[in-house]
Every structure is written in C-alpha cells, then in structure tokens.
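Input: a single structure, listed below in structure tokens.
The values are calculated or read from the model by the stated rules, or taken from the named source; none is laboratory data. Just so it is clear, the structure is predicted and the values come from calculations on it, not from any experiment. All Cβ positions, glycine included, derive from the backbone under ideal geometry; neighbour counts span all protein chains shown. These accessible areas exclude ligands, DNA and RNA; they are computed on the full protein's heavy atoms, side chains included. Shrake-Rupley method; radii C 1.70, N 1.55, O 1.52, S 1.80 Å.
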Amino acid sequence: MIEIAPSILSADFAYLGDAISHVESETSWMHVDVMDGHFVPNLTIGAPVVASLRKHTSSYLDCHLMITDPWDYLKDFAKAGADSVTFHYEVGRTLELVEMAHQLRMKAGMAVNPDAEYDRYCEFIPHLDLLLIMSVFPGFGGQSFIADVLGPLAKARKFIDQNNLKTVIQIDGGISLSTIKDARRAGAEVFVAGSAVFGQENPAEAVKALREAAKSCEGV
Ligand code: DX5
Ligand code: ZN
C-alpha cells in the first residue's frame, strides 16, 4: 500500500474546498492538522472545519490531533465526519483513546514525536489502525526531515510484519521527492505531504510525482 495524504495545513485556508478538489483525482486521503496552541506552539482548525470539508468531499479525512486533551474532542470529530483520529503518544491514555475512537466508529492512530523511544511506545502498536511517525517536531509545515526517525520506523515495520498486524505506518514532516524514498525503504505506507503538494504550482501533479517516487522503491 502506498498513499499520499496531502496536508491542508499548506493550502490557502480561504479556499480549502478548492484545494481538496485539485488533488482528489490523485488521492483519496486528506490530512487535517489540528493544533491547539498548547501541545504545539500553533493554532489551526478543529471539528467545525472538518464538518464543512465533509460536505464537500468523500475523501478519507485523516485528522492529526496535536492537542493536549483529545478525549474531550473525539465525539466532535466523529460527528463532523472524520474517518480517523490520530492522537499523540505524548499526551497519554492511549488505550482509552483507541477504544473511544473505535466506539465512535473512527479508525485510531497514535503519533510519536521524533524523540519518542521506540521501546516505550511499541507495546501500543498491536492496538492501532495507524502508527504516525513524525519526521519533524509538530507545529509547522515546511520543516526539514529528521532522518533519525528512519531507524524506529524500520523497527516498527519489522514488528508489524513479523506479527501479521494490520497497523498502517504513516510518516509526516519534511516529505519531498528527495526524502520519500528513504521513508518508503524504511517501511512507511502513507506519506503526509504539505509544502511538497500545496506549495507547488500543480498540486495534483505533485501528488502523482510523490507516489511514483515512493513506488520506484518497491521491492528494493
Ligand atoms: C506538522 C504537521 C504536518 C505538516 C507537514 O506539525 O503535522 O502534517 O503539515 O508539512 P510539510 O510536509 O510541509 O513538512
Ligand atoms: Zn500532520
């Protein structure tokens, strides 16, 4: 499986519907970055925007919750039509959040910051639909890829394969035509890309090129 999940964080917030329709021919994933100004030093959007997007698209709305207290908001995201919610390992209460998400009929993802220790978080992998390895410290688009996360990513890939788990590995931060190949080789399947998609003149072509680059590593 290879999917490109364009991050609307890099799109023009005044034209989000248009931004999504520009890439829908090339992908069915849309990454929604939710920031609360506490967990990360930036503020973005929340469930009301997801509800508006839902009316506009049938894409898979992959909501990345960079917020301190996700348990207070999961219901709102479910009501808004989110397909999946990814909360951070760093906020704790992981198993409770996974159960809440599933009860609300959403997929459950756990994100880990670049400095999270694999040996500490790996116990959660079997419970997750998605493991999001952050390749930048969250908060802003357009940062440089932190290659140190490729080691833990490869370990997670091995663990998932050896145990026949269905957990999907996503990577987020600094993904570009030059970094996507290393991330693919390490075992990522879903690649979040903000500036490498919406920062480009032709976002649909950019998605296509990223997918081709990832595919070119198949079987390597
Ligand atoms: C960072 C966000 C990312 C961001 C990625 O905190 O979680 O999803 O939009 O942007 P790029 O691809 O530009 O690094
Ligand atoms: Zn994100």
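At a glance:
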read-out: For segment 1-109, alpha-carbon Rg and Dmax in angstrom; value: 13.4, 37
read-out: List R93, R157, ordered by accessible area with a 1.4 Å probe, largest first; value: R93, R157
read-out: Length gained when the stretch E117-R185 is fully extended (0.36 nm per residue, less Cα-Cα span); value: 22.4 nm
read-out: Backbone N within segment 1-20 under 17 Å of label point (7 Å from Q143 Cα along the Cβ vector); value: 7-10
read-out: With all protein chains modelled, accessible area of Y73 [1.4 Å, Å²]; value: 100
read-out: Residue (of G173, L104, N202) at the positive-pole extreme of the chain, dipole from beta-carbon charges; value: L104
read-out: Entries of K75/K181; K75/K208; K79/K158; K181/K208; K79/K155; K166/K215 with Cα pairs more than 26 Å apart; value: K75/K181; K75/K208; K79/K158; K79/K155
read-out: Cβ-derived FRET efficiency at R0 45 Å, Y15 paired with K158, nearest 0.05; value: 0.60
read-out: Accessible heavy-atom area order of D72, D182, D148, D129, highest first, probe of 1.4 Å; value: D148, D72, D182, D129
read-out: Relative contact order (percent, whole number), segment 3-215, Cα cutoff 8 Å, 6+ residue spacing; value: 21
read-out: Value of Rg to Rh for segment 3-215 (Rh from inverse mean 1/r over Cα pairs, i.e. Kirkwood); value: 0.93
read-out: Trypsin sites (Lys or Arg not before Pro) restricted to DSSP loop in segment 100-148 with at most 13 other C-beta within 10 Å; value: R105
